[in-house]
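Some notes on the structure that comes next.
Bear in mind that the values in this text are calculations on the coordinates, not laboratory data. Computed from a predicted structure; not experimentally measured. In this analysis, Cβ positions are derived from the backbone assuming ideal geometry, glycine residues included, and neighbour counts consider all displayed protein chains.
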Amino acid sequence: DTEVTQTPKHLVMGMTNKKSLKCEQHMGHRAMYWYKQKAKKPPELMFVYSYEKLSINESVPSRFSPECPNSSLLNLHLHALQPEDSALYLCASSQEGHPSYEQYFGPGTRLTVT
Amino acid sequence: AQTVTQSQPEMSVQEAETVTLSCTYDTSESDYYLFWYKQPPSRQMILVIRQEAYKQQNATENRFSVNFQKAAKSFSLKISDSQLGDAAMYFCAYISGGSNYKLTFGKGTLLTVNP
């Protein structure tokens, strides 16, 4: 199974809402990532978890709060977002231990902030 | 800081023909890895091919091959016998061989395949 799943596929939320994005993988990968991708742009790294610990935070605003409850799950909690946060949010995972390992991407959650 | 440049925002190719996508990168490191990722419209990003910097031999995966010129810091992707399913955004990406999981992506090349 080489699949990363993400739910929901689409999310529309107001600026005062609280919502969460979910990502799951069952490949035994111990590194998991959140990316933000605007239309026709490359993905921008937000967070990296390694062995369920946050190892990279790319100076992301605190209205985005990641959580890694176990080695298979990655959440992104959203609160008080701005319209410019509307984007495709991609989750990825890879084997831990070496940067040459392929990152497997999920299909993404398309977020619209109104 | 490392940078990745894809100078062709858009390319097109006729079905069954060959096309080459360009990528250059800038780094002072000697240990690194290069990747081409493909992102079809509304579909998942998948790895097409990878190249280890220490390997002189160019990587090949079926119809996909790279021309890796380490001294020139160039990493182009050749797609042979292009198929309609090859239409996608292609991203060139770099990662340091150190303990770092940050992929640096180029801006992408949108490939159209004409029947």
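Once label points are set 7 Å from the Cα along Cα→Cβ at both B:L110 and A:T5, what is their separation, rounded to one decimal in nm? According to this spin-label approximation, the distance is 3.2 nm. Going Cα to Cα from B:K73, which aspartates and glutamates come in below 19 Å? Please leave out same-chain ones fewer than 8 positions away. Counting by Cα, and skipping residues close in sequence, B:K73 has these aspartates and glutamates nearby: B:D26, B:E29, B:D31, B:E52.
For the protein assembly as shown, taking a cut-off of 4.7 Å between Cβ atoms, the unpaired cysteines are A:C68.
Approximating the spin labels as points 7 Å out from Cα along Cα→Cβ, the A:A80-to-B:S7 distance works out to 4.7 nm.
Do any trypsin sites (Lys or Arg not before Pro) in the range A:19-114 lie in a DSSP loop with no more than 10 other beta carbon atoms within 10 Å, and if so, which? Here the trypsin sites (Lys or Arg not before Pro) that fit, given the DSSP loop and packing criteria, are A:K40.
Look at where the Cα atoms of the range B:35-79 and of the range A:36-72 average out, and the two centres are 25 Å apart. At an R0 of 35 angstrom, the distance between the Cβ atoms of A:E67 and A:R110 translates into a FRET efficiency of 0.95. Which parts of the range A:92-114 would a label at A:T16 reach, counting a residue when its backbone N lies under 17 Å from a point 7 Å out along Cα-to-Cβ? Answer for this model: A:113-114.
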